[in-house]
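These notes concern the structure reproduced below.
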Amino acid sequence: MKYERSYNFSAGPAMMPEAVLEEIRNEMMNYRGSGMCVMEMSHRSKAFQQIADQAEADLRALMHIPDNYKVLFLQGGGTVQFAMVAMNLMKNGKACYLETGAWSKKAIAEAKKYGEVIIAASSADKNFSYIPDGSDLDIPADCDYVYICENETIHGTTYRRLPDTKGHILVSDQSSMFLSRPCDVTKYGLIWAGVQKNVGPAGMAVVIIREDLLRDDLPAFVPTYMNYKVHADNGSMYNTPNCWAIYCCGKVFRYLLEQGGLEAMEQRNEEKAKVLYDFLDSSSLFRGAVVQADRSVMNVPFVTGSKELDAEVVAAAKAAGFDNLKGHKSVGGLRASIYNAMPREGVEALVEFLREFEANHK
Ligand SMILES: *Cc1c(COP(=O)(O)O)cnc(C)c1O
């Protein structure tokens, strides 16, 4: 492999496209004649404003984001959004959450600090190995929003169909699937994503919020930084933003457009995941941890059934150049995160490795 880079199967921070990293390297010491690196640049400079504007325009083009939605680049990663969503959107102090794993549990725990949380559906009964039916949820009339984690990074599930919110606002944590497939933004009131899974460096979240959800009348306890409207009114530059992350994410947005956009990414991701799932379905040693219909195309947890053997696979894989395959402690076993930037060859090489491991452990 060029540069002797690993196939990095980390759930995040994760691989970025090599072409993007090369571009960043080439602009590192002197960004386009500015005489400085983007890391050294004032966020109020013309050059940086251009970078931020282009990043937003390219993201809007990629996702076909309608004009009545604001795009925000916010700090605090994904976790801050658990609180921010509840603080900004709980008008009646009541929201429905679908509990599908570790990340929705965290969102629920945080939202409970600010209002009443109704668990409208849950897959806790089977260790979150499936997506609960969302076609006929019991949603109270005064519920402020319905919240989902659209792709469960740890448990490896994804929504193939959005729940019926019965006219209520849908809020989605798209962190580990952001830009992996086309998305009809009009179905949501708010989409947010920590970018270090499928886009860029850690420490930033993208928020896409419908304009009518921005509020001037938030309770006084809400910190200024936690008010979406403050960021919307200031073009995500109320204070110094995460300039470096905006710059790197912008490069990835542009790269994805050049690759054919989200339709092309979806096709590539589905094909890539099929290579791994087909192997797991036919293996006598390994098996996937999720029901077929709800399997994630991004995060693939799998097990041998023996903790010792799982650990052995992870160690042998690491020695062979496949990094970060250890599963999350709540699921155990292994997990291969195969985001946009993981090349198909990486998945094919992993499957080859697993096949050989299996042959040697008959
Ligand atoms: C990683 C992740 C988060 C949290 O992101 P941080 O930036 O680490 O706070 C939230 N939701 C999902 C689905 C994630 O995968």
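The values are calculated or read from the model by the stated rules, or taken from the named source; none is laboratory data. Just so it is clear, the model here is predicted, and its values are computed rather than measured. Here the Cβ positions follow ideal geometry from the backbone for every residue, glycine too, while neighbour counts run over all protein chains shown. Keep in mind that these areas ignore ligands, DNA and RNA; they rest on the heavy atoms of the full protein, side chains included. Shrake-Rupley method; radii C 1.70, N 1.55, O 1.52, S 1.80 Å.
Among the residues of the stretch 188-213 satisfying the criterion of being away from the ligand (no atom under 12 Å from the Cβ) and open to solvent by 30 Å² or more (accessible area, probe 1.4 Å), which is nearest to ALA341 (Cα to Cα)? Ranking the qualifying residues of the stretch 188-213, first place goes to ARG210.
Entry remark, the stretch 74-123: residues being among the polar types (S, T, N, Q), within 16 Å of the ligand (Cβ to nearest atom) and within 30 Å of PRO241 (Cα to Cα) number 4 in total.
Can you pull out the residues in the stretch 166-183 that are assigned to a loop (DSSP other than H, G, I, E, B), within 21 Å of ILE119 (Cβ to Cβ) and away from the ligand (no atom under 16 Å from the Cβ)? It would help to see each step written out before you state the result.
At the first step, the residues of the stretch 166-183 found to be assigned to a loop (DSSP other than H, G, I, E, B) are 166-168, 174-183.
Still in the list and also within 21 Å of ILE119 (Cβ to Cβ): 166-168, 174-175.
Once the filter is applied, which keeps residues that are assigned to a loop (DSSP other than H, G, I, E, B), within 21 Å of ILE119 (Cβ to Cβ) and away from the ligand (no atom under 16 Å from the Cβ), the stretch 166-183 yields LYS166, GLY167, HIS168.
So ALA95 fits all but one of (1) open to solvent by less than 30 Å² (accessible area, probe 1.4 Å); (2) outside any strand (DSSP E or B); (3) in contact with a helix residue (DSSP H, G or I) (Cβ under 8 Å, 6 or more places away or on another chain); what number is the exception? With (1) open to solvent by less than 30 Å² (accessible area, probe 1.4 Å); (2) outside any strand (DSSP E or B); (3) in contact with a helix residue (DSSP H, G or I) (Cβ under 8 Å, 6 or more places away or on another chain) applied to ALA95, the lone miss is (2). Selection of the stretch 98-107 for residues being outside any strand (DSSP E or B) and open to solvent by 10 Å² or more (accessible area, probe 1.4 Å) yields ALA102, TRP103, LYS105, LYS106. With respect to the conditions (1) outside any strand (DSSP E or B); (2) touching a Gly at 6+ places or on another chain (Cβ under 6 Å); (3) within 16 Å of the ligand (Cβ to nearest atom), PRO163 lacks only one, and its number is (3). Check the stretch 31-54 and report whether any residue there is away from the ligand (no atom under 14 Å from the Cβ), surrounded by 17 or more Cβ atoms within 10 Å (Cβ to Cβ), touching a residue at least 24 places away in the same chain (Cβ under 8 Å) and more than 28 Å from LEU262 (Cβ to Cβ). Yes, there is a match, as at least one residue in the stretch 31-54 is away from the ligand (no atom under 14 Å from the Cβ), surrounded by 17 or more Cβ atoms within 10 Å (Cβ to Cβ), touching a residue at least 24 places away in the same chain (Cβ under 8 Å) and more than 28 Å from LEU262 (Cβ to Cβ).
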